[in-house]
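The values are calculated or read from the model by the stated rules, or taken from the named source; none is laboratory data. All values reported here derive from a predicted model rather than from experimental measurement. Cβ placement follows ideal geometry from the backbone for every residue including glycine, while neighbour counts extend to all protein chains displayed.
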Amino acid sequence: MKKNRKNTKRHKKSRRSMADTADRHHLYELSVQCAEAEIDFVDKTFKRLRKRPATLLREDFCGTANVCCEWVKRGKKHHAIGVDLDAEVLDWGRNNNLARLSDKKRRRITLLQKDVMKVETDRPDIISAMNFSYWLMQKRDLLKQYFESVHAALKDDGVFFLDAYGGYDSHKEIVEERAIDDGGDGFTYIWEQAAFDPITHIMQCHIHFAFPDGSEMRNAFDYEWRLWTLPEVQDLLKETGFKRITVYWQGWDKHGEPDGDFNPAKHAEADAGWICYLTAEK
């Protein structure tokens with residue numbers, strides 16, 4: 001009996017929590033990124049603007065290259081270039097997202113561990129900088145330099161796609177939680193705006209994950225961003241040579257929830273929290 005009790009204690013001691021065994025990149029993709037919806041918007045909008053399909057997409061700050069993978073799935077002529085400085089996240093993308101593709105699709109993706117400010121690639125139809133990734137650039141001159149490099153890299157009729165968020169809650173120190181269905185026990189996505197400086201617009205943000213067994217993955221992702229306003233972004237895009245900039249605003253369904261349908265807009269009503277897309281045409 002004593003031997004059995006010792007074995008039971010040893011077994012309990014060796015059990016790992018759900019947080020210990022979870023993969024932060026997988027959780028991020030389930031919680032934050034919807035590559036399918038993003039490519040739906042990018043593909044449809046480019047065709048509408050340019051009256052032709054795009055074939056080469058470059059994803060700056062590509063992370064796990066989920067968007068690159070979704071792009072090549074959409075057509076046999078689609079090619080993608082993913083650019084990111086983080087070797088670890090690029091390796092994760094290769095071993096997980098690219099590994100699930102067929103050999104033919106995988107050969108149409110090039111991942112580069114490079115600085116988006118300096119990288120040289122074939123001239124793409126589309127360059128995308130989503131998930132507010134360009135907010136890492138906190139100085140006006142630096143963001144202007146990045147936009148100039150994008151303008152120079154695009155084809156003559158290329159289009160630059162970005163996103164942004166804002167609203168009066170974006171200036172607050174807040175914590176928001178959302179339940180995520182992963183087909184199993186599920187988990188909770190936690191977005192924390194930990195600090196905001198109204199003079200500099202520098203903000204500190206964190207992503208945490210909580211699990212049904214009570215364990216948590218704290219600071220799975222940390223960000224120090226500048227909360228750029230839409231007028232600032234549009235002015236910089238114009239200064240760097242883009243001819244037409246369009247903001248795409250999200251509508252609302254009958255229940256008062258965002259409907260996921262983004263349409264061109266010149267004005268919008270005040271809101272606690274909004275997300276939008278932008279296009280900048282060369």
Among residues of the stretch 20-64 being of a type in the set (S, T, N, Q) and more than 20 Å from the chain's Cα centre (by Cα), the residue surrounded by the most Cβ atoms within 10 Å (Cβ to Cβ) is Thr55
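Taking the stated definitions as given, is Trp191 of a type in the set (A, V, I, L, M, F, W, C), in a strand (DSSP E or B) and in contact (Cβ under 8 Å) with a residue 60 or more places away in the chain? Walk me through how you get there before you give the answer.
On the way: of a type in the set (A, V, I, L, M, F, W, C): yes; in a strand (DSSP E or B): yes; in contact (Cβ under 8 Å) with a residue 60 or more places away in the chain: no.
Considered against the rule, which asks whether it is of a type in the set (A, V, I, L, M, F, W, C), in a strand (DSSP E or B) and in contact (Cβ under 8 Å) with a residue 60 or more places away in the chain, Trp191 comes out as no.
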So which of Lys47, Lys77, Lys73 is in the same structural domain as Asp157 (by TED's automatic domain parsing) and either more than 21 Å from Arg100 (Cα to Cα) or in contact with an Asp or Glu (Cβ under 6 Å, 6 or more places away or on another chain) (or both)? Lys47
Among the candidates Arg226, Arg244, which residue alone is of a type in the set (D, E, K, R) and buried (at least 19 other Cβ atoms within 10 Å of the Cβ)? Arg226
Looking at (1) under 19 Å from Tyr168 (Cα atoms); (2) in contact with a strand residue (DSSP E or B) (Cβ under 6 Å, 6 or more places away or on another chain); (3) without any contact (Cβ under 8 Å) to a residue 60 or more places away in the chain, which is the only condition Gly256 fails? (2)
Inside the stretch 147-188, the number of residues satisfying the requirement of being free of Cβ contacts under 8 Å to residues at least 60 places away in the same chain, more than 19 Å from Pro212 (Cα to Cα), loosely packed, with under 14 Cβ neighbours inside 10 Å and not aliphatic (A, V, I, L, M) is 2
Here is a list of conditions, (1) over 18 Å from the mean Cα position of the chain (by Cα); (2) surrounded by 13 or more Cβ atoms within 10 Å (Cβ to Cβ), and Gln250 meets all of them except one; can you say which number that is? (1)
Looking only at the stretch 94-127, which residues are touching a residue at least 60 places away in the same chain (Cβ under 8 Å) and over 23 Å from His151 (Cβ atoms)? Asn96
